[in-house]
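Step one of this worksheet: look at the structure below.
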Amino acid sequence: MVETGAWPAYVEIGPRRFRERFGLAFEQLRAGLRFQHRPGLTLSQQDNRDECLDTLNQQMLHFDQRFAAHTEWTRCLMDSTLTTKVVIGMTWKTFARRTDLLGFDEIALTAPVFGGDTIYAESEVLGCSASESDEPTGRVRVRTSGVNQHGDIVATFVYHLAVPRGADDNRAGDLRHRSHAEVEPGVYRERMGLFLEDIEAGEVYEHRPGWTGSAEASERDTLRALDHSGVFSGWHPGQRRSAERTRINPLHVLAAVTGMQTKTFSRIVANLAWQHVRFPAPVHDGETVYAESTVVETRPSRSRPGQGIVHLRTSASNETGRAVCAFERKVLVYARGHGPYEAAGY
């Protein structure tokens with residue numbers, strides 16, 4: 001059994017090779033444990049509008065500012081379904097192993113949320129009950145609160161999760177690889193990435209979860225970049241529609257693979273450069289991509305105290321093992337004790 005708070009954020013699957021993993025098993029949870037989930041999310045009125053359009057919500061208080069100005073709120077109120085989805089979604093790093101959300105005992109909306117508010121999630125495990133049968137899961141009762149940038153609780157949810165058994169003994173003996181930091185007795189904050197001193201040349205990190213390419217998302221992303229060529233929507237002027245599955249825009253693939261790195265390499269000051277970017281094979285609609293990064297070199301910055309440069313070599317393949325993307329990347333990373341983390345609640 002892994003001791004409380006010593007949960008690893010990686011599985012060591014070979015010499016100096018680590019695979020990202022998320023979520024606690026049933027045996028690692030107990031009543032009274034509290035978690036601060038990171039990162040937070042700043043909501044916008046555009047998010048509010050999109051939620052209403054996507055869910056056929058015709059409540060004008062959410063998207064008609066002229067109407068909202070005549071209410072006690074004086075501005076558009078955030079749709080409560082969006083608040084619910086965001087707050088519960090934020091808990092995923094701790095409860096990623098859940099196999100089902102079984103239901104809510106209560107959804108309480110205790111304060112208004114507006115565009116521009118930043119929301120964080122905090123959870124307490126209320127109880128754990130083992131299944132009476134030989135089911136491989138247990139039942140976990142959780143209270144999660146949404147907290148805004150002022151520390152006000154804006155929503156509280158009490159709900160039940162089905163969580164698999166099967167905690168292993170892969171201890172996070174190295175503090176740099178722990179998934180949570182204890183910020184006060186019994187309260188654990190999800191950790192976000194490695195500091196400069198934590199990153200060692202020659203180590204390999206396999207990024208998880210994978211990413212499944214979607215033609216719809218690729219087309220939307222392409223259009224938002226002002227590219228109307230149609231190449232990545234399965235059609236191009238002077239070319240017949242292909243029976244082949246739609247290809248994903250390589251720039252969308254590059255963005256996704258880069259994004260997959262951020263769970264391990266999130267303490268970044270700035271992205272300095274990509275080099276030697278290659279797309280040896282296309283990604284098609286519905287294909288899933290996995291990525292891994294090798295640390296080539298780390299060094300302190302010569303001009304920025306408390307920061308350093310990390311050189312990464314990243315490759316990505318689809319579920320069949322076919323290489324689809326490769327690049328080298330240099331990033332500026334904070335050293336331990338530097339950066340906005342303490343002031344920003346990270």
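The values are calculated or read from the model by the stated rules, or taken from the named source; none is laboratory data. Keep in mind the model is a prediction, meaning the values are calculated, not measured. Ideal geometry is used to build each Cβ from the backbone, glycine not excepted, and the neighbour counts take in all protein chains shown.
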**Study point:** Hits in the range 107-146 (condition: buried (at least 20 other Cβ atoms within 10 Å of the Cβ), in contact with a helix residue (DSSP H, G or I) (Cβ under 9 Å, 6 or more places away or on another chain), aliphatic (A, V, I, L, M) and assigned to a strand (DSSP E or B))
**Key:** Ile119, Ala121, Val140, Val142
Check your understanding: What pairs can you find where one residue is in the range 217-232 and over 17 Å from Leu254 (Cα atoms) and assigned to a loop (DSSP other than H, G, I, E, B), the other is modelled with pLDDT under 90 and of a type in the set (S, T, N, Q), and their Cβ atoms are less than 9 Å apart, with a gap of 6+ or different chains?
Key -> Gly230/Gln239
Study note, to complete from the structure: If we keep only residues of the range 1-48 that are in a helix (DSSP H, G or I) and within 21 Å of the chain's Cα centre (by Cα), then the residue surrounded by the most Cβ atoms within 10 Å (Cβ to Cβ) is Asn48
Study note, to complete from the structure: Checked pairs for the range 268-292, first assigned to a strand (DSSP E or B), second among the charged types (D, E, K, R) and at pLDDT 95 or above, C-beta under 6 Å and 6 or more apart or across chains, list as Leu272/Lys330; Ala273/Lys330; Trp274/Arg329; Gln275/Glu328; His276/Glu328; Thr288/Glu319; Glu292/Glu206
Exercise for review: Please tell me if His177 is buried (at least 18 other Cβ atoms within 10 Å of the Cβ), not small (Gly, Ala, Ser) and not assigned by TED's automatic domain parsing to the domain that holds Leu312.
Suggested key: yes
Practice item. Would you be able to say whether some residue in the range 60-75 is assigned to a loop (DSSP other than H, G, I, E, B) and on the phi > 0 side of the Ramachandran plot? Key: yes
Review point. Would the range 84-98 turn up any residue that is among the aromatic types (Phe, Trp, Tyr), in a loop (DSSP other than H, G, I, E, B), modelled with pLDDT of 95 or more and within 23 Å of the chain's Cα centre (by Cα)?
Key: no
